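One structure is given here, and the rest of the page talks about it.
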Amino acid sequence: MKPITKYISYILLPAMLAFTCACNKKLDVKPGQQISPEQIQTEDDVKAILLSGYNSLQDPSAFGERYIFLSDLLADAGFITYQGTFLNYTQVNNRQMQKSGSIPSDVWGRGYVTINTANIVLANLDKVSDANKATLAAEAKFLRAITYYELAGFYGLPYSAGNVDQNLAVPLVTTAIISPANLPASKQPRATVAAIYTQIIADLQEAATNLPDSYSEKKNKSRGTKYSAYAFLSRVYMAQHNYVEAAKAADKVIQSGNYALVASFDAEFNNTALSAEDIFAIVQTSQSNAGTSNNGLVTFYALDQRNDVTISPNQIAQYDAGDQRGKFYNYSSDSSSITTSKWRDLYGTIPVVRLAEMYLTRAEANLRAGTAVGDDPLNDVNLVRNRSKATPLAAVTPDDVVQERRLELAFEGDNFWIVKRLQLNVGNLKYNDNMLVFPIPQREIDVNSSLVQNPGY
């Protein structure tokens, strides 16, 4: 297959599947087929394309696995070990990724499928009624923003590295690419970190303004809402060290009253639907999931699956004796392998952002900014600790909150963002080391001469 053909197969939405709840037979295409402009005629067509964006986020090269799993592998400093036989994951674990490797290529390709899905929706708003236009546009921008946030984190230096007007992230593509005729519009150079973050924030702010507070229908529970947009805004502001706005965004989610910590820590995971704590999550079923043999979080973590990941006893040792979180691990019969119970059941819901994170974000942001948004930081931290029967703290510092994040959000991909934001080392590697940034896929450089490779590759 020639490089240009392979490139087109990614950008033209090769698996532009109608969402399972969408009854639009016109767009119910088979994998490998493409959507042509003449197939998009009605508002229902546009809605079907929008909903297919959630299928794309569920892919193993997105939130179905790699946005979370690769974050943990890449930024780990000795708490997890990849013991499987897949060379591409071993390369990530050893920080020896190859520019021709499948993981950098697949994550990039899936990201731009999702982004292009959003762009196609935005390009066809003339087919949408005035009553629904703002909401559909906001939801498309929500999908685009959270994808750009992940891609910028993997392929570019973090915002904390400075030089955001010079450091390169990923191409900023806002034009819908749906036929070879407009393929040149996709061949953009890498945008700066500043430009990508500006776009992300603008998209999320519009989403927060125009998306509904919640959805009453069960089938729509996993869609983006006003408060999932605010939750992601809190992440973006934290990455920028804009702690005042991070605290405000997290507080909006908390104060909404739409979410509550589940009664016990274990009840937050391995569910078949969103819990009261889930702000945004990926819902999987036996018909629609990230994988059951070679992909998916459960595939890699569960003892009765591949069990390609083992967790160090040092991770368990960080918890108080009574802390339920320290008991939420599985041990092999000979105790040679330890794995988290968070990713235990196939077809379970994957929490992407949940309320406990918002309490810890508000606490840390308030402490670092010297602000008093919402409750006292100590109360926020102890609320999370009390749920897990951990010993309450008598006082709290920013570092204490960071440690609490590592206990509460372990194996949910959060440590990657902590390392980058706080400029921490990963073993002997500095936070901005070339080997902690993905290479730009060689396939993309072959068809887009304006792309510049990351140093070290």
inquiry  = Going by what's in this entry, would V244 be described as part of a helix (DSSP H, G or I), surrounded by fewer than 19 Cβ atoms within 10 Å (Cβ to Cβ), among the β-branched types (V, I, T) and at pLDDT 95 or above?
reply    = yes
query = How do the pairs read when you match residues in the stretch 297-320 that are free of Cβ contacts under 8 Å to residues at least 60 places away in the same chain with residues anywhere that are part of a helix (DSSP H, G or I) and among the polar types (S, T, N, Q), using Cβ under 7 Å and keeping only pairs 6 or more apart or on different chains?
reply = Q305/T299
key: F411 vs. criteria surrounded by 19 or more Cβ atoms within 10 Å (Cβ to Cβ), touching a Lys or Arg at 6+ places or on another chain (Cβ under 7 Å) and hydrophobic (A, V, I, L, M, F, W, C)   = yes
query = Just a yes or no: is a residue in the stretch 313-335 within 22 Å of the chain's Cα centre (by Cα), at pLDDT below 95 and charged (D, E, K, R)?
reply = no
For S333: the one exception among (1) free of Cβ contacts under 8 Å to residues at least 40 places away in the same chain; (2) surrounded by 14 or more Cβ atoms within 10 Å (Cβ to Cβ) = (2)
query = If we keep just the residues of the stretch 54-100 that are closer than 21 Å to Y301 by Cβ, assigned to a loop (DSSP other than H, G, I, E, B) and small (G, A, S), which is nearest to the chain's Cα centre (by Cα)?
reply = A62
task = Might you let me know whether the stretch 419-429 holds any residue that is in contact with a strand residue (DSSP E or B) (Cβ under 8 Å, 6 or more places away or on another chain) and either of a type outside the set (K, R) or surrounded by 18 or more Cβ atoms within 10 Å (Cβ to Cβ) (or both)?
result = yes
Inter-residue pairs, beta-carbon under 9 Å, first of a type in the set (D, E) and in the stretch 207-228, second at pLDDT 85 or above, 6+ apart = D213/T225; D213/K226; D213/Y227; D213/S256; D213/N258
All positions within the stretch 247-274 that are among the polar types (S, T, N, Q) and either within 21 Å of the chain's Cα centre (by Cα) or assigned to a helix (DSSP H, G or I) (or both) = Q255, N270, N271, T272
task = Report whether or not I115 is touching a Lys or Arg at 6+ places or on another chain (Cβ under 7 Å) and either under 20 Å from F416 (Cα atoms) or surrounded by 23 or more Cβ atoms within 10 Å (Cβ to Cβ) (or both).
result = yes
ask   = Hey, Y10 hits all of (1) surrounded by fewer than 20 Cβ atoms within 10 Å (Cβ to Cβ); (2) part of a helix (DSSP H, G or I); (3) modelled with pLDDT under 95; (4) not small (G, A, S) but one; which does it fall short on?
value = (1)
ask   = Taking interchain pairs and intrachain pairs at least six residues apart, which have beta carbon atoms under 7 angstrom, with the first residue in the stretch 118-133 and over 21 Å from N55 (Cα atoms) and the second among the β-branched types (V, I, T) and surrounded by fewer than 17 Cβ atoms within 10 Å (Cβ to Cβ)?
value = K127/T42
query = What residue, among those in the stretch 336-375 that are closer than 24 Å to T147 by Cβ and in contact with a Ser or Thr (Cβ under 6 Å, 6 or more places away or on another chain), is surrounded by the fewest Cβ atoms within 10 Å (Cβ to Cβ)?
reply = Y347
ask   = What pairs come up if the first residue lies in the stretch 242-258 and is among the acidic types (D, E), the second is at pLDDT 95 or above, and their beta carbons are under 7 Å apart, counting only those six or more places apart or on different chains?
value = E245/Y237; D251/R362; D251/V373; D251/G374
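The values are calculated or read from the model by the stated rules, or taken from the named source; none is laboratory data. Predicted model only: the values in this text are computed from it and were never measured. Note: ideal-geometry Cβ built from the backbone for every residue, glycine included; neighbour counts use all protein chains shown.
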